[in-house]
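Here it is, the structure, as structure tokens.
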Amino acid sequence: MLTSKYIDPATPAKEITPVQIKRVLAEFIERGANAGANKIRANLHAVFNFGLFADNDPANINEKTIYGLDRNPVSVIPPQKRVDKALDRFLSWDELSELLRLLLVTESACPIQPDFAQLTLLCIFSGGQRPWEIMTNTRDQWDEKNKTLTVPPHISKNSDFHIIPLNQSATEILKRQRKKYPDALFLFPGNTKEGHLLSAEYSKQLRKFCKLTGFNKFTPRDIRRTSKTLAGNMGISAEMRDRLQNHKRPGVSAKHYDRYDYLRKKREIIEQWEKNYLLYDGYNFT
């Protein structure tokens, strides 16, 4: 849900003005999230269009007017230009090795807030899982004995269960977080009203990291793309890479499936993935 100090949630849609929309989007632009502003603009435009078309559909001539809109207040607000670039950045094996070298250090030497460093490492070690499905996950979903982490439907992008097999590298990250925060509900607790780390701050931390270290710019999504691309380089099929990363699969038969389907194959992939990225020496997980 979008919240802003410029729009009262109780305000009827027909009373929202372009000035209010402009101020909402300006909040994103002021913190450098131009692409995010464009996404919010697109979503708001679609929402107002829905109400506009619903009330003005000739097929509903005898129906009660619900929204009372006579124009879309977002239409006059231009999107930000040259910010929606093609998403094709991924790290090479050498870059991945360098990233691990920079992050696998003590907290005092870490060039990024330590919990976000651990989150980044877990996303890498788990084969490019969605950061949101990790940072909002709770400790009770971690089955240490069976070496799995379950993403439940309420935080899963495709609204279904997703079982992530865990290799040693990933497991040690979770152990470290548990030792640091023994009483926490979330795997990655944070000093936020939600109680866990947040995506906006994660992106900000990665920008700071790249600026501080001189590392070529990358985003959380680029980590996911890196894992998928390099796994393809390892010979892993596109289907299994999709299954490992919890991509939505088309078809009715794919919608209703045993949550443990393909777990053995996914575990084989995650173990093979670990062998390939362990290009550094002498790191002690404990």
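The values are calculated or read from the model by the stated rules, or taken from the named source; none is laboratory data. Please read all numbers here as calculations on a predicted model, not as lab measurements. Here the Cβ is made from the backbone with ideal geometry for all residues, glycine too, and neighbour counts use every protein chain on show.
Search region 1-26 for residues that are under 15 Å from residue 68 (Cα atoms) and pair each with any residue that is among the charged types (D, E, K, R) and surrounded by fewer than 16 Cβ atoms within 10 Å (Cβ to Cβ) when their beta-carbon atoms are under 8 Å apart and the residues are at least 6 apart or on different chains.
From region 1-26, the pairs are 14/70.
Could you please find all residues in region 234-254 being under 22 Å from the mean Cα position of the chain (by Cα), in a helix (DSSP H, G or I) and at pLDDT below 85?
none
Among the residues in region 256-266, are any at pLDDT 90 or above and under 19 Å from residue 124 (Cβ atoms)?
yes
So, one more: Can residue 120 be described as surrounded by 21 or more Cβ atoms within 10 Å (Cβ to Cβ), over 25 Å from residue 97 (Cα atoms), polar (S, T, N, Q) and at pLDDT 95 or above?
On the way: surrounded by 21 or more Cβ atoms within 10 Å (Cβ to Cβ): yes; over 25 Å from residue 97 (Cα atoms): no; polar (S, T, N, Q): yes; at pLDDT 95 or above: yes.
Judged against the criteria, residue 120 is not a match.
Scan region 192-231 for residues that are of a type in the set (A, V, I, L, M) and either surrounded by fewer than 19 Cβ atoms within 10 Å (Cβ to Cβ) or within 23 Å of residue 109 (Cα to Cα) (or both) and jot them down.
First pass over region 192-231, keeping only residues of a type in the set (A, V, I, L, M): 197-198, 200, 206, 212, 223, 230-231.
Result: 197, 198, 200, 206, 212, 223.
In region 30-44, is there at least one residue being part of a loop (DSSP other than H, G, I, E, B), of a type in the set (Lys, Arg) and surrounded by fewer than 17 Cβ atoms within 10 Å (Cβ to Cβ)?
Yes: one or more hits.
Name the helices (runs of 4 or more DSSP H) wholly within region 102-208 that hold at least 2 residues that are over 14 Å from the mean Cα position of the chain (by Cα) and free of Cβ contacts under 8 Å to residues at least 40 places away in the same chain? Show your work before the answer.
Details: elements: 114-125, 131-135, 168-180.
Of the helices (runs of 4 or more DSSP H) lying wholly inside region 102-208, those with at least 2 residues that are over 14 Å from the mean Cα position of the chain (by Cα) and free of Cβ contacts under 8 Å to residues at least 40 places away in the same chain span 114-125, 168-180.
Report, by residue number, each residue of region 139-156 that is among the basic types (Lys, Arg) and touching a strand residue (DSSP E or B) at 6+ places or on another chain (Cβ under 9 Å).
Residues of region 139-156 among the basic types (Lys, Arg): 139, 145, 147.
The answer is 139, 147.
How about region 12-28: which of its residues are modelled with pLDDT of 85 or more and more than 16 Å from residue 72 (Cβ to Cβ)? Steps first, please.
From region 12-28, those modelled with pLDDT of 85 or more are 12-27; that's our starting set.
Of everything in region 12-28, those that are modelled with pLDDT of 85 or more and more than 16 Å from residue 72 (Cβ to Cβ) turn out to be 23, 26, 27.
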